[in-house]
1. Output the number of residues of segment 27-45 satisfying the condition of being over 13 Å from residue 68 (Cα atoms), part of a loop (DSSP other than H, G, I, E, B) and either out of contact with any strand residue (DSSP E or B) (no Cβ under 9 Å at 6 or more places or on another chain) or not assigned by TED's automatic domain parsing to the domain that holds residue 7 (or both).
2. Checking the conditions here, which among 181, 123, 155 is in contact with a strand residue (DSSP E or B) (Cβ under 6 Å, 6 or more places away or on another chain), modelled with pLDDT under 80 and surrounded by 14 or more Cβ atoms within 10 Å (Cβ to Cβ)?
3. Would you check if residue 53 is assigned by TED's automatic domain parsing to the domain that holds residue 122, in contact (Cβ under 8 Å) with a residue 40 or more places away in the chain and part of a strand (DSSP E or B)?
4. Output the qualifying pairs, or none if there are none: Cβ atoms under 6 angstrom, residues six or more apart or on different chains, first residue in segment 187-214 and in a helix (DSSP H, G or I), second residue surrounded by fewer than 15 Cβ atoms within 10 Å (Cβ to Cβ).
5. If residue 88 meets every condition in (1) surrounded by 19 or more Cβ atoms within 10 Å (Cβ to Cβ); (2) modelled with pLDDT of 80 or more apart from one, which number is that one?
6. Hey, among the residues in segment 4-41 that are surrounded by fewer than 17 Cβ atoms within 10 Å (Cβ to Cβ) and in contact with a helix residue (DSSP H, G or I) (Cβ under 6 Å, 6 or more places away or on another chain), which one's modelled with the lowest pLDDT?
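The values are calculated or read from the model by the stated rules, or taken from the named source; none is laboratory data. Just so it is clear, the structure is predicted and the values come from calculations on it, not from any experiment. Cβ: placed from backbone, ideal geometry, glycine included. Neighbour counts: every protein chain shown.
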């Protein structure tokens with residue numbers, strides 16, 4: 001039964017399964033339109049009180065900024081989560097499923113809302129197809145004879161498109177969708193970090209880079225001194241210069257530079 005048909009969002013309710021299905025029909029043009037549709041979803045969810053929610057993101061390519069991520073967490077996700085009508089699946093996830101759209105980067109932004117900004121413990125799950133999401137909500141498994149456990153990831157070069165952009169094809173087991181997307185997310189984040197910090201990294205001397213590599217691995221100063229065959233005082237000097245050149249104040253910031261060594 002259709003309960004809402006907005007300019008960008010359509011919402012159906014399946015009474016038998018107590019499942020709300022929200023589909024982005026088209027891409028909202030701006031932040032205001034995006035928020036308005038989410039507010040409609042919130043009102044409907046609070047009125048109907050479904051046990052399960054599916055978001056179909058196939059047509060969504062809207063890039064969510066950090067301010068909007070926080071707004072969604074506080075004004076949409078938290079009220080639904082706190083109301084308590086959405087159940088939990090047997091694997092511990094909340095019964096909210098997101099089905100990926102064609103724009104993977106936009107999809108990663110949606111994932112970030114819950115993985116980075118959520119302070120309420122709301123844990124949805126992500127799927128490659130609507131069928132998989134429904135099977136999960138129905139607590140059905142498509143794994144047959146353990147075949148889905150063999151996670152083979154392949155990346156193929158597909159050429160250059162009409163806009164001069166390089167095209168790659170990534171293939172993985174559908175049952176490993178979450179881990180594959182998270183791997184892709186890590187690659188994108190590392191690539192962005194390297195672009196933004198390559199000048200800082202390049203400012204390090206050869207010995208400072210070597211010291212940084214050992215720090216990233218987790219070696220203490222004394223072990224680094226042994227590995228590099230230099231004094232403990234010199235290691236401390238290298239560390240101080242690394243911290244200053246990279247503009248960092250904590251070891252966790254230093255660990256972000258691991259991508260330069262992979």
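1. 2
2. On the way: 181 fails: in contact with a strand residue (DSSP E or B) (Cβ under 6 Å, 6 or more places away or on another chain); 155 fails: surrounded by 14 or more Cβ atoms within 10 Å (Cβ to Cβ).
None of the others qualify; the one that does is 123.
3. Details: assigned by TED's automatic domain parsing to the domain that holds residue 122: yes; in contact (Cβ under 8 Å) with a residue 40 or more places away in the chain: yes; part of a strand (DSSP E or B): yes.
So residue 53 fits the description; yes.
4. Sorted first by the residue in segment 187-214, then by its partner, the pairs are 213/261.
5. Exception for residue 88: condition (1).
6. It comes out as 31.
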